[in-house]
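Structure first, commentary second.
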């Protein structure tokens, strides 16, 4: 029997990464490609688990690597640093993503859909519409949840009119109130009490490599920044361990207040003070800086830090 095509998002998966993988499986099967399966590259966070529990479905199977020649479909990422181990030797059939294109290279042509939207699931919503596929309630909940997560209930600067239109239509199909469901879902992801410092630093961490300079921007959502900062010492110890383990020049942990749309960052590493000063015109005090109105890693944190590095 032919091996299944594996569909997955990035490591340290967020709600968009998990939901888009499942939705892509549904889409592919509607296209007649029945031999495919959504999988994941990391643990499911509490926000995503809220969605899965709401629908009464299991999380995709966890995998760590892919074998040479394995056929795969990538969603919500393209950078090999953020993908499965062995991805450089896999056969990538397609990519659906809303991020900038990183160190991506294939030996053969492929289907590649990239749009500067706030969420991968918004792109998938348009794909369903484009191919005339009916969107079922379960699919609508998954896509709506992903959009709510990635755009922070449409408050993030990454939000586009495409995201707003998609979420409005999906909410009707899903039979959910966007604000009520969305806030409960986001709040579920802010319960950080039983995570170790190491888990928090790696919960939603994106590794970057700029001309051989490696750095990480991690992010956790909360409704009380000060509550998370009570653990600053142990968080810094975990961040220092990541620097040593992965040879990082810089690691930034953004603690994002989802209610007030602000972030406090903890930054450690070589020239961290200089990098943050240049990126945000803010001086680090006790390795921290408050960034008013900053909630998006992709559009606010990463571009500024990348330029200053």
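The Cα center of the stretch 1-54 and the Cα center of the stretch 131-206 differ in position by 15 Å. Nearest 10 degrees is fine. How inclined is helix 232-246 to the longest principal axis of the chain, computing both from alpha carbons? That helix lies at roughly 70 degrees to the long axis.
If contacts are Cα pairs under 8 angstrom and at least 6 residues apart, what is the relative contact order of the chain in percent?
Contact order relative to length: 13 percent.
Against the longest alpha carbon principal axis of the chain, how many degrees, from 0 to 90 and to the nearest 10, is the axis of helix 161-174 turned? Its long axis makes an angle of about 60 degrees. Rounded to the nearest 500, the helix-only mean residue ellipticity at 222 nm of the chain stands at -11500 deg cm²/dmol, with each DSSP H run of n ≥ 4 adding -39,500 (n - 2.57).
In square nanometres, what is one fourth of the surface area of the convex hull spanned by the alpha carbons of the stretch 35-96?
Projected over every direction and averaged, the Cα hull of the stretch 35-96 covers 4.8 nm².
In terms of its C-alpha gyration tensor, the stretch 162-227 has an oblate overall shape, because the principal axis ratio a/c (a ≥ b ≥ c, square roots of the eigenvalues) is not below 1.5 and a/b does not outweigh b/c.
Per residue, the convex hull spanned by the alpha carbons of the stretch 99-245 comes to 154 Å³. The alpha carbon convex hull volume per residue for the chain rounds to 128 Å³.
When DSSP beta bridges are restricted to pairs lying wholly in the chain, around 40% turn out antiparallel. Can you tell me the 0 to 90 degree angle between the C-alpha axis of helix 46-55 and the longest principal axis of the chain, rounded to 10? That works out to roughly 20 degrees. Based on every Cα atom in the stretch 78-138, Rg and the maximum pairwise Cα distance Dmax equal 13.4, 38 Å. Largest GNM mean-square fluctuation among 262, 221, 103, using the chain with Cα springs under 10 Å: 103.
Rounded to two decimals, the Cα-based Rg/Rh of the stretch 197-308, with Kirkwood Rh, is 0.92. Compactness of the stretch 5-187 was expressed as the Cα radius of gyration divided by 2.2 N^0.38 Å, which yields 0.96.
Read the figures in this text as sums done on the coordinates, not as results from a lab. This structure is a prediction, so every number in the text was calculated from the model and none was measured.
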